[in-house]
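In what follows, a single structure is set out as structure tokens and then discussed.
The numbers here are math on the coordinates, done by the rules we state, and not lab data. Computed from a predicted structure; not experimentally measured. Don't worry about glycine lacking a Cβ; one is built from the backbone with ideal geometry, like all the others, and counts go over all protein chains shown.
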Amino acid sequence: MDAENGIGKNNDLMWHLPNDMRFFKETTMHHVVIMGRKNYESIPEKYRPLPNRTNVILSRDSTLKIQGCLVFNTLQACLMHFHDEKEKLFIIGGGEIYKLALQEKCIDEMFISHVEATFAADVFFPEITLDDWKSSTVITQEIDDKHPYRFITKHYALIRH
Ligand SMILES: NC(=O)c1ccc[n+]([C@@H]2O[C@H](COP(=O)([O-])OP(=O)(O)OC[C@H]3O[C@@H](n4cnc5c(N)ncnc54)[C@H](OP(=O)(O)O)[C@@H]3O)[C@@H](O)[C@H]2O)c1
């Protein structure tokens, strides 16, 4: 997210930060990635479905079929599908799906890359109460020739009250 919690604009990402993308790839590899239909469509065709991951799309369109992906019409149906499997499920956006998953209280860990710039986003990460989360820094990326913006990636673990 950017300094205003922005995560996207014109159904696209707002930055190209290779080390952030690499972290995303390594973290989600061989796991399940759950995303909104708009997020899926925003991924360039040559990169989707995301390889070596079970790609899951949420859409209200009960007729939607996407080759190489599982489609669910509700988050609950999706979570039920994976209920018995000891699989790591990653909610990978966009804004509507992050909001849905946080509202449904089915998130116990988050990785957030805080990009130290502002991009006039049109999609935002939901407001969260930081007191509910214990954070630790996993990446501090300084500006260099491949990274035009500084960012800090943090891991957040839900504090159970
Ligand atoms: N920086 C980041 O971390 C990050 C990550 C991912 C995406 N993004 C950006 O986020 C933007 C896309 O986000 P978005 O909020 O516009 O869309 P989105 O969350 O990717 O997808 C929204 C779609 O999900 C489906 N949906 C929403 N609520 C649902 C529910 N309760 N049950 C079933 N399906 C549901 C609907 O699909 P149907 O219309 O088909 O019914 C809806 O149109 C893009 O700009 C993208 O680049 C940023």
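Values for this structure:
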read-out	value
Near pairs, Cβ below 8 angstrom, 6+ apart or cross-chain, from the stretch 145-158 (farther than 18 Å from Thr27 by Cβ) to any residue that is of a type in the set (Asp, Glu) and surrounded by fewer than 13 Cβ atoms within 10 Å (Cβ to Cβ)	Tyr149/Glu116; Arg150/Glu116; Arg150/Glu142
Residue list for the stretch 98-117, filter: in a loop (DSSP other than H, G, I, E, B) and either more than 14 Å from the ligand (Cβ to nearest atom) or of a type in the set (Phe, Trp, Tyr) (or both)	Lys105, Asp108, Glu116
Candidate set from the stretch 15-44 (those that are closer than 25 Å to Ile66 by Cβ and of a type in the set (A, V, I, L, M)); member that is nearest to the ligand (Cβ to nearest atom)	Met35
Test: residue in the stretch 45-60 that is of a type in the set (Asp, Glu), near the ligand (Cβ under 7 Å from one of its atoms) and over 14 Å from the mean Cα position of the chain (by Cα)	no
Number of the condition not met by Val71 [criteria: (1) under 15 Å from Gly95 (Cα atoms); (2) in a strand (DSSP E or B)]	(1)
Inter-residue pairs, beta-carbon under 6 Å, first free of Cβ contacts under 8 Å to residues at least 12 places away in the same chain and in the stretch 54-71, second assigned to a loop (DSSP other than H, G, I, E, B), 6+ apart	Ser62/Asn73
Count of the stretch 123-158 residues which are part of a strand (DSSP E or B), closer than 14 Å to Asp20 by Cα and not β-branched (Val, Ile, Thr)	6
Residues satisfying the stated conditions in the stretch 122-142, i.e. surrounded by fewer than 12 Cβ atoms within 10 Å (Cβ to Cβ) and β-branched (Val, Ile, Thr)	Thr129, Thr137, Thr140
